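What follows is a single structure, written as structure tokens, with notes after it.
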Amino acid sequence: MADIYLDNNATTMVDPDVVAAVMPFFSEQFGNPSSLHNFGNKVGFALKQARQSVQNLLGAEHESEIIFTSCGTESDSTAILSALKAYPERKEIITTVVEHPAILNLCDNLASEGYTVHKLKVDSKGRLDLDEYARLLSDKVAVVSVMWANNESGTLFPVEKMAEMAEAADVLFHTDAVQAVGKIPMNLQDTSIHMLSLSGHKLHAPKGVGVLYLKRGVRFRPLLRGGHQERGRRAGTENTIGIVGLGKACELALQHMEYENTTVAALRDRLQAGILAAVPHAFVTGDPSNRLPNTLNIAFEYIEGEAILLLLNKQGIAASSGSACTSGSLEPSHVMKAMGIPYTAAHGTVRFSLSRYNTAEEIERVIEAVPPIVAQLRKLSPYWGANGPIENPEQAFAPVYA
Amino acid sequence: MWDYSETVKEHFYNPRNAGAVAEANAVGDVGSISCGDALRLTLKVEPDTEVILDAGFQTFGCGSAIASSSALTEMVKGKTLDEALTITNQDIADFLGGLPPEKMHCSVMGREALQAAIANYRGEEWEDDHEEGALVCKCFAIDEVMIRDTIKANNLSSIEDVTNYTKAGGGCSSCHEGIEKILSEEMAARGETFVPGAVGKKKEGVVKLKSPKPEAAPVVAAAKGKLTTVQRIRVIEEVLEGLRPALKADGGDVELIDVDGKNIYVNLVGACSGCQMAAMTLGGVQQKLIETLGEFVKVVPHSERPVAIEGV
Ligand SMILES: Cc1ncc(COP(=O)(O)O)c(C=O)c1O
């Protein structure tokens, strides 16, 4: 039986059409797009086409608003550091506690350099408090950075509204839309979003290519200075293979947008219903009524996520977990912690993230596979008795540790 | 995914002695639910002989935590309590064919569960002396708490100190930023300021694999007054003489051929020549010469000397 890939929020398979589109750029189309001769010219033209495809998917007003980068992380860093350089007298940043490390670790580092970083809290479903946000907006804030969709729970944030609030307060607004682009429709020209990050490998393009969308007229200071590539806003000879691939992937994402939000969403819902019907003491994390169509995050209480993943993997099923062990850190996912999920559940969270390549048969196989795995691990758990969790689990088993 | 040994996988997929032992008379609960690993070890001990008749585990944790628990129960069965107490966490890891550095704490948890269970049997209070922090140095599996405590206890003030006392940072060096941060905080706490070492400063005995280009010259000690060519050659000979015993111990030797400005041409002979250690040996010789002469010099194998010497 073929393996089942349900880890598309980590990365995606490169679409075969994308592979076909990039192949010539490994061989005959090797020119430097900046060159004047025929070799370079054709490649330059391909980049232009790719830029338009990204523009279409994002609903950007101008093609020149698309800046190709090397990844989502680079786009995030470029956006935030640019805002700080463009507004040097503003020393505050607003973000959220549930951002990806690409934002959080950068902000923590900036905090150690003297910037004030406000991290908006979330409630038990991962939702922000917009009143708290409104109170923090001021002319001391250089940039707001809020993710469009959370990578772990799939929860969507009201970034369009928040961008309007920022603009009204005369503050730049950036969104890390790495998980949202290609999964939900967007039309940036109708929004007040000033900057947006995306990453190719999350939407069936190759790894190592990303985009920073920069609304025309927004003050900008490049991270990499050098040649005139990307109109001087991101120097360095272009990753033509990645960019051409991303262009094709954006075209395909637009074509499949409806499919993603109907069929893929229905598969995800079936997976959720199937697992919850068969497994007691399990619940969905995040905001199920307002999340990405492909993402399902379930907390299995009293067991640990890495162990679940290893047993799933043994059956050829790929997913991921918010447990501390899967990342080698000491704490469970900061996203689960921020939502106040107890440790006995946070370590047992498993994220299933689907794509348009998943089939109904695969989903049924996963629904079959999960309950026995959970039961097997619970049998080993000190929190689990003969027929369910022991009474007062936290008191009955309270291990000694510093 | 982790690089688990076959034994770890085997003990995870087919754990031995899972569940609580019936009629247990020793129980050890250890671990930390916030870290995601916790273990209850139950033992049945024969009171007269103190032999462990049966052992069982219940574990909330990852693959290696379950495997370590399973291994532990296998290892202690049939042993007396005193014998069992000699088991170290490294023994558990070895039993499993090794654990990734990030997972060594699972074996520590196993050993502690054993200590806790035995203390429980003997009616003693078991005090946990182990505090775990975030892993900083992945090469040698050294965590933040260990680094912090060592800095505090010994008033350390440089990365080299930390490496010498804990090994942390002595491998790939990617964790040096993290160590600097801890140093800065600890030094600030005792009213000092962390001052980074000189750019390119090399640790004693650590050499570059390739001879650095002159532009990348390390910051060298102040020039020790101008030497005549003869004095200079004599100093070089002395340095080589000093290094010779070490080289000979490895079955090799070094011979001075020529000195041409900053270039010092040598022949490596015996076990040193040609082997992959040659570049390291040359680097070590060069480092020593730079320190002694107080100027930048480049040690070049005679075989690589350009044929047209003029104007090179
Ligand atoms: C929300 C979010 N932001 C940023 C990134 C980083 O993207 P990249 O791997 O392209 O740097 C990811 C990828 O995991 C992500 O999920």
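Per atom type, the protein assembly as shown shows carbon and sulfur on 51% of its accessible surface, probed at 1.4 Å. Computed from Cα atoms alone, the Kirkwood hydrodynamic radius reported for the stretch A:257-387 is 15.0 Å.
Shape of the protein assembly as shown from its Cα gyration tensor (a ≥ b ≥ c, root eigenvalues): rounded if a/c is under 1.5, otherwise prolate when a/b > b/c, or oblate? Oblate, since a/c reaches 1.5 and b/c is not below a/b. Helix content alone sets the calculated 222 nm mean residue ellipticity of the protein assembly as shown: runs of n ≥ 4 DSSP H residues at -39500 (n - 2.57) each, divided across all residues, give -11500 deg cm²/dmol. Only Cα pairs within less than 10 Å get springs; with that Gaussian network setup on chain A, which residue of A:390, A:308, A:66 has the largest fluctuation? Comparing A:390, A:308, A:66 in a Gaussian network model of chain A, the most mobile one is A:390. Residues of the stretch A:126-169 falling in the label zone of residue A:116, defined by backbone nitrogen less than 15 Å from a point 7 Å along Cα to beta-carbon, are A:133-144.
Going from the chain on its own to the full set of protein chains, the stretch B:1-19 has these residues losing 40 Å² or more of accessible surface (heavy atoms, 1.4 Å probe, no ligands, DNA or RNA): B:1, B:2, B:12, B:13.
May I ask you to work out the translational diffusion coefficient for the stretch B:53-151 at 37 °C, viscosity 0.692 mPa s, via Stokes-Einstein with Rh from the Kirkwood sum over Cα pairs, reported in whole µm²/s? For these conditions, the coefficient is 229 µm²/s. Its alpha carbons considered, the stretch A:24-99 gives a radius of gyration followed by a Dmax of 17.2, 50 Å.
Structural descriptor for chain A: relative contact order 21 percent, calculated from alpha carbon pairs under 8 angstrom and at least 6 residues apart. For the protein assembly as shown, the dipole from Cβ point charges (+1 on Lys and Arg, -1 on Asp and Glu) about the Cα centre works out to 2460 debye, to the nearest 20. When Rg and the Kirkwood Rh are both derived from Cα coordinates, the Rg/Rh ratio for the stretch A:16-255 amounts to 0.98.
The interface between chain B and chain A buries about 3000 Å² of solvent-accessible area in total (1.4 Å probe, ligands and nucleic acids excluded).
Computed over protein heavy atoms with a 1.4 Å probe, the accessible surface of the stretch B:132-189 works out to 50 Å² per residue. Quick one: plug the Kirkwood hydrodynamic radius of chain A (C-alpha pairs) into Stokes-Einstein at 25 °C, 0.890 mPa s, and report D in µm²/s. It diffuses with D of about 110 µm²/s by this estimate.
Span-like helix check, chain A: qualifying full DSSP H segments, with Cα axial length of 18 Å or more and mean Kyte-Doolittle of -1.0 or more, are A:38-58, A:72-86, A:240-255, A:265-278, A:360-380.
The values are calculated or read from the model by the stated rules, or taken from the named source; none is laboratory data. Bear in mind that the values here come from a model prediction, so they are computed numbers and not experimental data. Here Cβ is always computed from backbone atoms with ideal geometry, including for glycine, and neighbour counts include all displayed protein chains. The area values use the complete protein model at the heavy-atom level, side chains included, leaving out ligands, DNA and RNA. Shrake-Rupley method; radii C 1.70, N 1.55, O 1.52, S 1.80 Å.
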